[in-house]
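Each remark here refers to the structure printed beneath this line.
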Amino acid sequence: MIINLLNDIFLKITLTDFILYIWLPIFIILLLITIILIVRYIKKRKEIKNKLLYEKKLKEEANAKILSELQKILTEFDEFKNQRNYKDAIIRSYNMIKNIIIEIYKVKSEDYLTEKEMLNVYAKSIPSSYIPEVITRMYLIYEKVRFGEADVSENEINEFQNYLKELARRLHHATP
């Protein structure tokens, strides 16, 4: 009896009825789903693009800030050097460079570590082997000036300045 009923229903459906009542609604539903998915895709793509542009803008601002800080360090160093105030030139510029390194490479500065022990932390945190090496050389001059009673020679101040310039150049290119 059920089979007869189903046969009667299917035999009475014409091609026009099939297209109008079955195929067309299914097509419309699939079309709507496709449109919804395309709109979602476009929105997501726009969100990602905006996020990337925002991150790029932040990166450029950070680069500009670091570049200005590096330029400030070099300028201050030259001013102290011209005044023959070598001790302040070395101490201030070393501390400022150290702060920039901490900012660029996200080095966690531990309060209980000495400055010399922090050199090992820098070496582990910085992917380049050259930068920690230069910082160590700068530190040796810094240590002599900061903790020793000896004066800095003209040769040492020039050496420190050369390290400072090279480090500033490399840090500018190493910004995140």
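The values are calculated or read from the model by the stated rules, or taken from the named source; none is laboratory data. Just so you know, these numbers come straight off a predicted model, no measurement behind them. Counting neighbours? That spans all protein chains shown, and the Cβs are built from the backbone with ideal geometry, glycine included.
Entry remark, the stretch 9-47: residues being at pLDDT below 80 and either surrounded by fewer than 10 Cβ atoms within 10 Å (Cβ to Cβ) or of a type in the set (V, I, T) (or both) number 10 in total.
Only one of (1) without any contact (Cβ under 8 Å) to a residue 24 or more places away in the chain; (2) touching a Ser or Thr at 6+ places or on another chain (Cβ under 8 Å); (3) surrounded by 13 or more Cβ atoms within 10 Å (Cβ to Cβ) fails for I104. Which number is that? That leaves (1) as the condition not met. Pairing residues of the stretch 52-64 that are closer than 20 Å to I100 by Cα with residues that are of a type in the set (V, I, T), at Cβ distances under 8 Å and at least 6 apart in sequence or on separate chains, gives K59/T175; A62/T175; N63/T175.
Looking at E117, is it closer than 28 Å to D78 by Cα, free of Cβ contacts under 8 Å to residues at least 60 places away in the same chain and surrounded by fewer than 13 Cβ atoms within 10 Å (Cβ to Cβ)? Don't jump to the end; show me each part of the working.
On the way: closer than 28 Å to D78 by Cα: no; free of Cβ contacts under 8 Å to residues at least 60 places away in the same chain: yes; surrounded by fewer than 13 Cβ atoms within 10 Å (Cβ to Cβ): yes.
Answer is no for this residue.
What about E143, is it surrounded by 12 or more Cβ atoms within 10 Å (Cβ to Cβ), of a type outside the set (A, V, I, L, M, F, W, C), out of contact with any Phe, Trp or Tyr (no Cβ under 8 Å at 6 or more places or on another chain) and free of Cβ contacts under 8 Å to residues at least 24 places away in the same chain? The answer is no for E143.
Considering only the stretch 55-112, how many residues are more than 18 Å from the chain's Cα centre (by Cα) and farther than 30 Å from D151 by Cα? Summing the residues that are more than 18 Å from the chain's Cα centre (by Cα) and farther than 30 Å from D151 by Cα in the stretch 55-112 gives 0.
Looking across the stretch 85-136 at every residue that is over 30 Å from E154 (Cα atoms) and among the aromatic types (F, W, Y), the one that is modelled with the highest pLDDT is identified as Y112.
With the structure loaded, tell me whether N50 is at pLDDT 80 or above and within 30 Å of N162 (Cβ to Cβ) or whether it fails that test. Lay out the reasoning, then the answer.
On the way: at pLDDT 80 or above: yes; within 30 Å of N162 (Cβ to Cβ): no.
No: the conditions fail for N50.
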